[in-house]
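The values are calculated or read from the model by the stated rules, or taken from the named source; none is laboratory data. Small disclaimer: the values here were computed from a predicted structure and weren't measured. Every residue, glycine among them, receives a Cβ derived from its backbone with ideal geometry; neighbour counts consider all protein chains shown.
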Amino acid sequence: MSEYQLMTEDQRDMVKLVKDFLMKEYLPHVSEYEAKGEYPLEFHKKLGELGLFAMDVPEEYGGLGLDAVTTCLIREAIGYVDAGFASSFAASTFGIKPVLLAGTEEQKKAYGARLAEGQISAMCLTEPQSGSDMGNTKCRAVKDGDEYVLNGTKCFITNGGIADIYTVAASTSPELGSAGISLFIVDRNTPGVSVGKEEDKLGIRTSNTTDVIFQDVRIPATNLIGEENKGFAISQKLLARTRPTGMASALGVAQRALDLAVDYAQQRVTFGKPIASRQAIKFKLADMEIRLQTARAQLFYNAQLIDKGIYDGMLGSVTKTCVSEMVFDVANQALQIFGGYGYSREYPVEKLLRDARIFSLFEGTNEIQRMIIGGTLVPKKRN
């Protein structure tokens with residue numbers, strides 16, 4: 001794989017450590033956790049024992065301070081073994097990203113330290129009626145003296161049922177639409193916070209996904225992130241950074257699908273020859289490799305820009321769309337090479353295809369991404 005040629009020795013060592021550990025210790029248990037639809041907290045803690053808690057949180061706030069490129073390499077390695085685990089493990093720091101972008105020093109130090117200890121955060125943006133439309137947020141935050149009172153329900157929240165800390169988007173000025181959104185830190189044990197239904201998902205079944213309900217939840221005004229009514233702007237900056245890096249585990253899914261397809265094509269014999277000797281299969285494998293390498297180059301280019309402090313929202317949408325559509329195509333072609341066996345749960349490629357489907361949906365559907373890209377290329381005319 002091309003990225004390994006550019007890795008530093010430290011990066012190669014970290015990727016090898018993670019991948020070897022998960023392939024040996026976790027892979028034999030994946031089907032068990034997936035059947036239950038359960039996040040493997042036991043292995044979450046074991047990755048922490050390897051020193052990977054808060055890996056993308058700056059060192060001054062208690063984390064490892066890994067750059068975006070290194071973080072993506074590690075997430076790809078986790079995704080190679082199980083995309084669901086990769087999704088929830090990566091999202092364990094997602095809820096604190098707005099704090100790192102716009103929070104106070106006290107907030108950054110306090111919550112960074114908690115993540116470094118192994119606590120889990122969750123980002124609560126999506127609501128049943130609004131999806132990616134933050135301007136239609138119904139969750140309300142009303143100022144009451146030196147507190148805010150939160151009421152509302154969030155859905156499809158990654159780590160919603162296992163998080164210790166939530167970052168919640170709530171409307172503080174409903175008449176302003178998206179310009180009236182604010183972000184708040186909410187501790188799990190705050191009275192009025194509860195977890196709703198857990199989603200029974202097609203894929204990434206080992207990732208925890210639930211509703212989170214806030215009913216007359218009182219939080220200190222100091223839990224506001226940044227300024228009131230600035231939550232939408234903070235979220236957009238956040239997503240410009242996380243949309244591309246959030247696709248890193250998809251590279252792992254695609255690489256494993258390709259590896260399995262290559263191996264199977266060399267073992268499967270029809271009409272006296274391995275199917276790998278057939279031009280139709282060779283071309284299919286070649287196309288899978290072309291798409292994977294192209295998407296990988298796009299993602300790591302984007303990650304390099306992020307490491308230089310360049311958060312390009314349109315480029316993030318390009319990367320997210322490119323990688324998410326690649327992984328589904330590669331997994332689908334791998335299943336085709338396996339033929340009827342690929343459709344059986346006895347073989348691993350059907351799981352890879354199920355897992356691959358989510359990447360074009362979360363952090364904004366690919367239709368939303370195309371709206372962002374098109375709107376940037378052809379901006380609205382001002383009257």
Can you tell me how many residues in region 56-72 are of a type outside the set (D, E, K, R) and crowded, with 24+ Cβ neighbours inside 10 Å?
-> 2
Filtering region 345-371 down to residues that are in a helix (DSSP H, G or I) and acidic (Asp, Glu), which residue is farthest from the chain's Cα centre (by Cα)?
-> Glu350
Tell me, which residue of region 99-130 that is closer than 24 Å to Glu363 by Cα and without any contact (Cβ under 8 Å) to a residue 12 or more places away in the chain is farthest from the chain's Cα centre (by Cα)?
-> Gln129
Complete set of residues in region 173-206 that are polar (S, T, N, Q), crowded, with 19+ Cβ neighbours inside 10 Å and under 21 Å from Ile225 (Cα atoms) = Ser182
Restrict the check to region 207-218 and report whether at least one residue is in a loop (DSSP other than H, G, I, E, B) and buried (at least 19 other Cβ atoms within 10 Å of the Cβ).
-> yes
Does region 152-160 contain at least one residue that is out of contact with any helix residue (DSSP H, G or I) (no Cβ under 9 Å at 6 or more places or on another chain), in the same structural domain as Pro191 (by TED's automatic domain parsing) and of a type in the set (D, E, K, R)?
-> yes
Selected residue [of a type outside the set (Gly, Ala, Ser), within 24 Å of Gln369 (Cβ to Cβ) and outside the structural domain of Met55 (by TED's automatic domain parsing)] from Thr167, Thr71 | Thr167
Confirm whether Tyr61 is among the aromatic types (Phe, Trp, Tyr) and farther than 27 Å from Tyr301 by Cα.
-> no
Run down Thr242, Thr158, Thr206 and say which single residue is within 28 Å of Asn366 (Cα to Cα), at pLDDT below 95 and hydroxyl-bearing (Ser, Thr, Tyr).
-> Thr242
Go through region 288-305 residue by residue and tally those that are over 18 Å from the mean Cα position of the chain (by Cα) and more than 20 Å from Leu66 (Cα to Cα).
-> 7
Just give me the residues in region 259-299 being closer than 15 Å to Ala77 by Cα, hydrophobic (A, V, I, L, M, F, W, C) and surrounded by fewer than 21 Cβ atoms within 10 Å (Cβ to Cβ), in sequence order.
-> none
By residue number, the members of region 17-31 that are exposed (fewer than 13 other Cβ atoms within 10 Å of the Cβ) and more than 19 Å from Tyr347 (Cα to Cα) are Asp20
Does any residue of region 315-326 turn out to be of a type outside the set (Asp, Glu), surrounded by fewer than 18 Cβ atoms within 10 Å (Cβ to Cβ), assigned to a helix (DSSP H, G or I) and at pLDDT below 95?
-> no
Residues satisfying the stated conditions in region 84-121, i.e. at negative phi, assigned to a loop (DSSP other than H, G, I, E, B) and not acidic (Asp, Glu) | Ser92, Thr93, Gly103, Thr104, Gln119, Ile120
Checklist (1) at pLDDT 95 or above; (2) buried (at least 23 other Cβ atoms within 10 Å of the Cβ); (3) closer than 21 Å to Gly161 by Cα applied to Ile78, failing item | (3)
Of all residues in region 38-75, which are basic (Lys, Arg) and either more than 19 Å from the chain's Cα centre (by Cα) or farther than 14 Å from Ala91 by Cα (or both)?
-> Lys45, Lys46
Across region 204-263, what is the number of residues that are farther than 25 Å from Ala141 by Cα and of a type in the set (A, V, I, L, M, F, W, C)?
-> 13
Could you check Gly342 against (1) under 20 Å from Ala90 (Cα atoms); (2) more than 20 Å from the chain's Cα centre (by Cα) and say which number it fails?
-> (1)
Every listed condition ((1) more than 16 Å from the chain's Cα centre (by Cα); (2) not in a helix (DSSP H, G or I)) holds for Ile204 save (1)
Is there a residue in region 187-200 that is among the hydroxyl-bearing types (Ser, Thr, Tyr), outside any strand (DSSP E or B), at pLDDT 95 or above and in contact with a strand residue (DSSP E or B) (Cβ under 6 Å, 6 or more places away or on another chain)?
-> yes
Within region 247-255, is there a residue that is buried (at least 23 other Cβ atoms within 10 Å of the Cβ), farther than 18 Å from Thr70 by Cβ, in contact (Cβ under 8 Å) with a residue 40 or more places away in the chain and in the same structural domain as Gln304 (by TED's automatic domain parsing)?
-> yes
Working carefully through the options Gly112, Gly103, find the one that is closer than 17 Å to Gly62 by Cβ, in contact with a strand residue (DSSP E or B) (Cβ under 9 Å, 6 or more places away or on another chain), buried (at least 20 other Cβ atoms within 10 Å of the Cβ) and assigned by TED's automatic domain parsing to the domain that holds Thr71.
-> Gly103
